[in-house]
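Heads up, the thing below is written out as structure tokens.
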Amino acid sequence: MSNPVNHQIERVRIQTQAFDVGVELRALRQTEDGRWDTRVGAVATFVGTVRDLNEGDAVRTLTLEHYPGMTESSIKEIIDQANQRWPLFQARVIHRIGELQPADEIVWVGVTSAHREAALEACAFIMDFLKSKAPFWKKESVPQGDRWVAAREKDEKALKRW
Amino acid sequence: MIHLKLFASLRELTGTEEEGLELPGHVETLAQLRELLRSRDSRWSEALDPQRAIRGAINQRMAQESDPVRDGDEVAFFPPVTGG
């Protein structure tokens, strides 16, 4: 790893409370002492949000469960792999758990690098692996009742491109 | 003794979130543990049915059916993940 990643700030946060994408983006681009990291030439972020429709049904709430400990370590491992593949300065993930409403932000991935290819690819890589490897489970509340969201085959297939 | 954990639909089907379990001598792998749990009753049998896609983890790492389960391990079963 040619580019040491800042480990002082938590790279993976699993939380019930909402987060502010503006605050997170700024923090991602700054060094520990609050200055802009001027090595950065590319910032890629992904935000996943709650849709109001799934499988043709109106979604009232989405409740997320995780495996405390394993969820964090599996995402850290994915970030470590991204750091080995691309020259990154920062790579962070925030994932919410608990009950969410349509339009709420579920997940945020932020990556910085000197150039866009590394930042964009690493961001997509982290998200693809998080979808298939990090232990989270979604339960949605629809007019017919509550139901667990089924895993999608296309998410597993998405890993093949890496 | 192992520390067993179940998540999401498996927790609901079995009514069990976690429990301590003494491993009988003949149970040495994840697959054998799964069969032991299935023999408890119809709910466990259905929840851990081999026809269902179920993931297993040993000490918080994804595991294969043939992986050994040892005294002191934390063993978890859960459905395919749906985060993000």
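Per-structure values
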quantity	calculated
Members of the stretch A:134-158 that are more than 21 Å from A:Val59 (Cβ to Cβ), within 18 Å of the chain's Cα centre (by Cα) and surrounded by fewer than 18 Cβ atoms within 10 Å (Cβ to Cβ)	A:Glu156, A:Ala158
Tally, over the stretch B:56-84, of residues that are more than 8 Å from every other protein chain (Cβ to nearest Cβ), out of contact with any Ser or Thr (no Cβ under 8 Å at 6 or more places or on another chain) and not acidic (Asp, Glu)	9
Single match in A:Leu64, A:Leu28 (criterion: touching a Phe, Trp or Tyr at 6+ places or on another chain (Cβ under 6 Å) and either within 19 Å of A:Ala118 (Cβ to Cβ) or outside any loop (DSSP other than H, G, I, E, B) (or both))	A:Leu64
Single condition B:Phe7 does not satisfy, out of (1) crowded, with 19+ Cβ neighbours inside 10 Å; (2) over 27 Å from A:Arg152 (Cβ atoms)	(2)
Residue match in the stretch A:56-70 (condition: over 30 Å from B:Val75 (Cβ atoms), exposed (fewer than 14 other Cβ atoms within 10 Å of the Cβ) and among the β-branched types (Val, Ile, Thr))	no
Criterion violated by B:Leu30 - all others in (1) crowded, with 17+ Cβ neighbours inside 10 Å; (2) within 14 Å of another protein chain (Cβ to nearest Cβ) satisfied	(2)
Criterion (more than 28 Å from A:Glu140 (Cα to Cα) and modelled with pLDDT of 95 or more) met by exactly one of A:Gln15, A:Gln8, A:Gln30	A:Gln30
Qualifying residues in the stretch B:55-80 (those that are closer than 14 Å to B:Arg11 by Cα and in contact with a helix residue (DSSP H, G or I) (Cβ under 7 Å, 6 or more places away or on another chain)) - the one surrounded by the fewest Cβ atoms within 10 Å (Cβ to Cβ)	B:Gly56
First in the stretch B:47-70 and at pLDDT below 95, second anywhere and in a loop (DSSP other than H, G, I, E, B), Cβ under 6 Å, 6 or more apart	B:Ala53/B:Pro80
Index of the failed condition, A:Ala158 passing every other in (1) free of Cβ contacts under 8 Å to residues at least 60 places away in the same chain; (2) outside any helix (DSSP H, G or I); (3) touching an Asp or Glu at 6+ places or on another chain (Cβ under 7 Å)	(2)
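The values are calculated or read from the model by the stated rules, or taken from the named source; none is laboratory data. Note that the structure is a prediction, hence the values are computed from the model and not measured. Virtual Cβ from ideal backbone geometry, glycine too; neighbours counted across all protein chains shown.
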